[in-house]
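Q: Take a look at this one; I'll ask things after.
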Amino acid sequence: MSDFRLRWLLAPFAVAAALAGCATPGQSLVGADRAAVQARQGAPAERYPLAAGERWLYPLGGLQQLVWAVDFDAAGRVAQVRQVRTAENFARVRIGVDTQADIRREFGPPRIVMPFPMVGLVGWMFPYLENDLWNSEMAIYFDPQGIVRKVENGPDPRFLGGDGFRR
């Protein structure tokens, strides 16, 4: 294959990568104020109060696998920027302690909410890239009082092929 053809085939991927890099919140925001973050990233999808500040959530991409949290300190400056849908963050979910509000503040909106009436739980499904590679889905189950009772992960059914029932 000629260099010209190879560059022509790879050009759309290079453009997509460049655009994605511009839209992704990053560590360069640390120290910025709310106005600067909003000017660069736009309005957040969700806002949550924190003990010493506020969290803005930015879900990115159509697959709902990436959710960036921008945490502000009490002075209104960015203290931390991180991708929250990771195996490490899901491992911090506390069964019997965390509530639906805690989970929503940490991971953003679930892709789907499914009732499981036979066991009296409601499952929130959160797609994510496990190890930045595998299309996975974390399921967090709540009792009727909204307390986490179970957490499990597996492959994201949207990528299994065939007729996956959760779309």
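Q: Order of 65-71, 83-89, 42-48, 114-120 by packing, highest average Cβ count within 10 Å first? Spell out each step's value before the answer.
A: Details: 65-71: 21.9, 83-89: 17.3, 42-48: 14.3, 114-120: 10.3.
The peptides rank, most packed first, as 65-71, 83-89, 42-48, 114-120.
Q: Compute the length gained on full extension between TRP134 and ALA75: take 0.36 nm times their separation in residues and subtract their Cα-Cα distance, giving the result in nm to one decimal. Walk me through the numbers on the way to the answer.
A: Values: separation 59, 0.36 × 59 = 21.24 nm, distance 3.82 nm.
Roughly 17.4 nm would be gained on extension.
Q: Testing the spin-label approximation: label points 7 Å from Cα along Cα→Cβ at GLN27 and ALA43. State their distance in nm.
A: 3.2 nm
Q: Could you work out the local net charge near ARG55, counting Lys and Arg as +1, Asp and Glu as -1, over the other residues with Cβ closer than 13 Å to its Cβ? Working shown, then result.
A: Working: positive: ARG34, ARG47, ARG82, ARG104, ARG105; negative: GLU46, GLU54, ASP71, ASP73, ASP102, GLU106.
Residues close to ARG55 contribute a combined charge of -1.
Q: Work out how far the C-alpha atoms of segment 51-167 reach from end to end along every principal axis, then list the three figures in whole Å, largest first.
A: For segment 51-167, the Cα extents along the three principal axes come out at 49, 33, 19 Å.
Q: Under 12 Å from the Cβ of ARG92, count the other residues' Cβ atoms, weight Lys and Arg +1, Asp and Glu -1, and hand me the total.
A: Working: positive: ARG94; negative: GLU88, ASP98, ASP102, GLU106.
Residues close to ARG92 contribute a combined charge of -3.
Throughout, read-outs are computed from the coordinates displayed, never taken from laboratory work. A quick note: this is a predicted structure, and the numbers were derived from the prediction, not measured. Virtual Cβ from ideal backbone geometry, glycine too; neighbours counted across all protein chains shown.
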